[in-house]
2 protein chains.
Amino acid sequence: MNEQDPLLEELTQASREVYAAVDLVEDQIAKMLGIHRSDLRCLNILENGPQSASEIGRRANLTSGSVTALVDRLERVGLVERHRSSTDRRSVLVNIPDRSYPRVDALYSQVGRAIKESFQSADPAGLQVATEVLRTFAAACHNAQNRIEESKTPTDQ
Amino acid sequence: MNEQDPLLEELTQASREVYAAVDLVEDQIAKMLGIHRSDLRCLNILENGPQSASEIGRRANLTSGSVTALVDRLERVGLVERHRSSTDRRSVLVNIPDRSYPRVDALYSQVGRAIKESFQSADPAGLQVATEVLRTFAAACHNAQNRIEESKTPTDQ
DNA sequence: ATTGATCATAAAGATTCTTGACGGTCAAGT
DNA sequence: ACTTGACCGTCAAGAATCTTTATGATCAAT
C-alpha cells in the first residue's frame, strides 16, 4: 500500500492537512456564532434550501431526537424557522429566513476572505483550476463517506 | 460584498462545499474508529510528533480538563501512550505508538483511496497542481482561524 | 376501516465539555 | 536556600449534547 506513486502520496498527505484545517476552522466558526458544531452542519445543509427534520438527520448523521433538539436551539436564537409541510402534515420543514443569512454569511466571509487572499495571485485560469480541484475533492469526500457507510464494520477493534 | 469577481465567488462556493464534505467524512471516520470527534482531532495533531497535553489543548481548542479525559479515552483503547517529559516533570508527553498507526491509517486510507480515484485521471502535472491547491487551501484555513481567534467578537448577537 | 410505516417530539441515560479547585513543578527574585 | 508567581496535569461538579426508547399524529396501502 506504500508502493504508490509519490505524487499521489503527496496528494493524500495534503488532503490530510485539509481535514485537520477544516475541522479547526469549523469549530472556530461555530464558537463565533455561539452555536454547536452540529448546528453549523445543519445550517450548511439548509443552504441548499428548506429541508424536513428527517432529511436533516439523514444528511447530518443524527437521530431524530437530536434533530428536534438541534432545531429547537437554532430556532431559539432565530437562525432558522419551522413550518409545517403543506403536503405532509407529519413533516416539519426547516429553513433559514432571509434575515438570518447575513449572520451566517458574515462568518464564512471571514474564511472566504482568507481564501481569496491566498489565491489572489492566481490568474483566471488558475482560479478555475483551483475551484475544480476543490469540487473534485469535495466529491471524493462524499464518495468515501458513502463507501464507509456501506462497509460498516463498526469499530472493527 | 457581492460585487466580486465571479471566479472568486465560485472558489469560495467550492470551499463551502469542502467544509461540509470534510465535516461529514471526519464524523464518519471517528465513528468507524469508535472514538469521539475531538479524539480524532487529537490524533491528527499527534501525527506531527509527540505533544504535551497543554499543547494539544491549545491546538485543539480544548480546556486542560477535557484533554485529560480525552487522553484517558485514547489511552484506554490503546491508540496513544502517556510519558512524563524528561525536561519538565510537570509535563506529560502524548504520542501514537508505532503499533497504533495501522489502525489510524487504515481509516484514512479509505478516504485516501477515494481521493486517488477521483484524481487518477490527472496527469503528473495536474496532480502537483491539485496538491498545491489543497495545501494553499489548508493554509488559508489556518490563516482564517488565527484571524477569527484574534477578532474575538464572541457570538456578536 | 385497518394495518404498518413514517414523522416529529419528549423523557431518560450515557458521554463529553467547561469550570473551578488542587497539588506538584519550574523559574525568577530575594 | 527560600519565597513568590506561573504553569502543568488531574479531579470533581455542573451544563450541554447525543442516543435510545416510547408516544401520538399522519400517511399509504390493503
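Readers should treat all values here as calculations from the given coordinates under stated rules, not as data from a laboratory. Predicted model only: the values in this text are computed from it and were never measured. Every residue, glycine among them, receives a Cβ derived from its backbone with ideal geometry; neighbour counts consider all protein chains shown.
The figures follow:
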quantity	calculated
Sorted largest first, extent of segment A:1-54 alpha carbons per principal axis (Å)	45, 25, 15
Whole-Å semi-axes of the protein assembly as shown's equivalent ellipsoid (Cα gyration tensor)	30, 26, 21
Inter-copy label distances at A:GLY78 (7 Å, Cα→Cβ; nm, one decimal)	5.4
Rh by Kirkwood over Cα pairs, then Stokes-Einstein D for chain A at 0.890 mPa s and 25 °C, µm²/s	135 µm²/s
B:GLN51 long-range amide H proximity, modeled H, under 5 Å	B:VAL94
Gaussian network model of chain B, springs between alpha carbon atoms under 10 Å - residue of B:SER100, B:SER64, B:SER86 with greatest fluctuation	B:SER86
For segment B:41-47, 3J(HN,Hα) per residue [Karplus equation, 6.51 cos²θ - 1.76 cosθ + 1.60, θ = phi - 60°, Hz, x = Gly/Pro]	4, 4, 4, 4, 5, 6, 5
Residue-wise HN-Hα coupling along segment B:55-67, computed from phi with Karplus coefficients 6.51, -1.76, 1.60 (Hz; x: Gly, Pro)	5, 4, x, 4, 6, 9, 6, 10, 7, 4, x, 5, 5
Top of B:ASN143, B:ASN44, B:ASN61 by mean-square fluctuation, Gaussian network on chain B, Cα under 10 Å	B:ASN143
Residue-wise HN-Hα coupling along segment A:106-112, computed from phi with Karplus coefficients 6.51, -1.76, 1.60 (Hz; x: Gly, Pro)	4, 6, 5, 5, 4, 5, x
Dipole moment magnitude, nearest 20 debye, chain B about Cα centre, only Lys, Arg, Asp, Glu C-beta charged	980 debye
Residues whose placed amide H lies under 5 Å from that of B:SER91, excluding near-sequence neighbours	B:SER85
Distances in nm from A:ARG99 to the matching label points in the other copies, shortest first (labels 7 Å along Cα to Cβ)	6.1
Cα-Cα pairs of segment B:55-108 separated by more than 19 Å (percent)	34 percent
Contact order relative to length of chain A, as percent, for alpha carbon pairs under 8 angstrom and 6 or more apart	15 percent
Residue among B:VAL80, B:VAL94, B:VAL129 with the largest mean-square fluctuation in a Gaussian network model of chain B, springs linking Cα atoms under 10 Å	B:VAL129
Neighbouring partner chain Cβ atoms per residue of B:116-128, average, 10 Å criterion	4
